[in-house]
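The values are calculated or read from the model by the stated rules, or taken from the named source; none is laboratory data. All values reported here derive from a predicted model rather than from experimental measurement. For neighbour counting, all protein chains shown are included, and Cβ atoms are generated from backbone atoms with ideal geometry for every residue, glycine included. Keep in mind that these areas ignore ligands, DNA and RNA; they rest on the heavy atoms of the full protein, side chains included. Shrake-Rupley method; radii C 1.70, N 1.55, O 1.52, S 1.80 Å.
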Amino acid sequence: MSSNNMVSENLNKIKLSLPKGVTLVAVSKTKPVSTIMEAYDAGQRVFGENKIQEMVEKHEQLPKDIEWHMIGHVQSNKIKYMAPFVSLIHGVEKFKVLKEVNKQASKHNRSINCLLQIKIAEEDSKFGMSVNEAKAILKSDELKKLKHVNVTGVMGMATFTDDKKQIENEFKTLKSSFDELKELESTNHDLRVLSMGMSGDYELAISCGSNMVRIGSSIFGERNY
Ligand SMILES: *Cc1c(COP(=O)(O)O)cnc(C)c1O
């Protein structure tokens, strides 16, 4: 099988298995533009990258109807490079990041959709804020002043473990945090995206209520760093 067939077959298999209403983000980090084009030619339009510089370079080279999602840790000083085109930033961990996104988005006369990253894993290496911090941000007057940012949901990553029960508990925790945060009324956020689930755990994530999955290796194969 050529690699071309492999990417499109993997993609089609996954797409068929996803319930209606679940968005697939094809995580293309470390993969060359030629491989991304294979997925594009198979109909995929939403791609996720975890490094701003790499996403910017790929955006320049690839068709402009691709929706680029930043799924990695966001460094404030690099937000300006993706502000002209990024369609969703998954990994917002502090208010300061929203402020900088707002500032850079305003220069391009656009609004950028953002997800608050909630820490659900027990490892210290996984970034994110507590649900109380998210609540404080969503209730704040400061957020209302950011006219170029829309907080559209939350994102989380489960612990890297074989213990399915633990992963399931973490996903359920995020789902209930999402439901709780949705209850908070405000004018400039409308929480509808729950981004959770990767190659190894997306089916479980969907059964726990995820409506956006970020899948890399099951589409493109293992990554060589
Ligand atoms: C790399 C990455 C993924 C995709 O991981 P796979 O296991 O290859 O599907 C999903 N989410 C985030 C935040 C990532 O960094």
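Among the residues in the stretch 60-67, are any touching a residue at least 12 places away in the same chain (Cβ under 8 Å), closer than 20 Å to residue 157 by Cβ and away from the ligand (no atom under 16 Å from the Cβ)?
Checking the stretch 60-67: not a single residue is touching a residue at least 12 places away in the same chain (Cβ under 8 Å), closer than 20 Å to residue 157 by Cβ and away from the ligand (no atom under 16 Å from the Cβ).
How many residues are open to solvent by 50 Å² or more (accessible area, probe 1.4 Å) and in a loop (DSSP other than H, G, I, E, B) if we restrict to the stretch 75-110?
Residues in the stretch 75-110 being open to solvent by 50 Å² or more (accessible area, probe 1.4 Å) and in a loop (DSSP other than H, G, I, E, B): 6 in total.
Hey, can you tell me all the residues within the stretch 24-52 that are touching a strand residue (DSSP E or B) at 6+ places or on another chain (Cβ under 9 Å) and of a type in the set (Gly, Ala, Ser)?
Result: 26, 28, 39, 48.
Scan the stretch 205-225 and report the pairs whose first residue is charged (D, E, K, R) and open to solvent by 30 Å² or more (accessible area, probe 1.4 Å) and whose second residue is within 11 Å of the ligand (Cβ to nearest atom) and at pLDDT 95 or above, with Cβ atoms within less than 8 Å and a gap of 6+ or a chain change.
Close Cβ pairs satisfying both conditions: 223/29; 223/30; 223/31; 223/216; 223/217.
Looking at the stretch 19-74, which of its residues are assigned to a strand (DSSP E or B), in contact with a helix residue (DSSP H, G or I) (Cβ under 7 Å, 6 or more places away or on another chain) and either loosely packed, with under 15 Cβ neighbours inside 10 Å or not hydrophobic (A, V, I, L, M, F, W, C) (or both)?
Listed by number, the list holds a single entry, 49.
For residue 87, all conditions in the list (1) within 19 Å of residue 212 (Cβ to Cβ); (2) among the hydroxyl-bearing types (Ser, Thr, Tyr); (3) within 15 Å of the ligand (Cβ to nearest atom) hold save one; what is the number of the exception?
Only one criterion is unmet by residue 87, namely (3).
Please pick out the residue among 213, 151 that is assigned to a strand (DSSP E or B), within 14 Å of residue 115 (Cβ to Cβ), within 11 Å of the ligand (Cβ to nearest atom) and modelled with pLDDT of 95 or more.
213
From the set of residues in the stretch 185-204 that are within 11 Å of the ligand (Cβ to nearest atom), in contact (Cβ under 8 Å) with a residue 40 or more places away in the chain and under 15 Å from residue 153 (Cα atoms), which is surrounded by the most Cβ atoms within 10 Å (Cβ to Cβ)?
196
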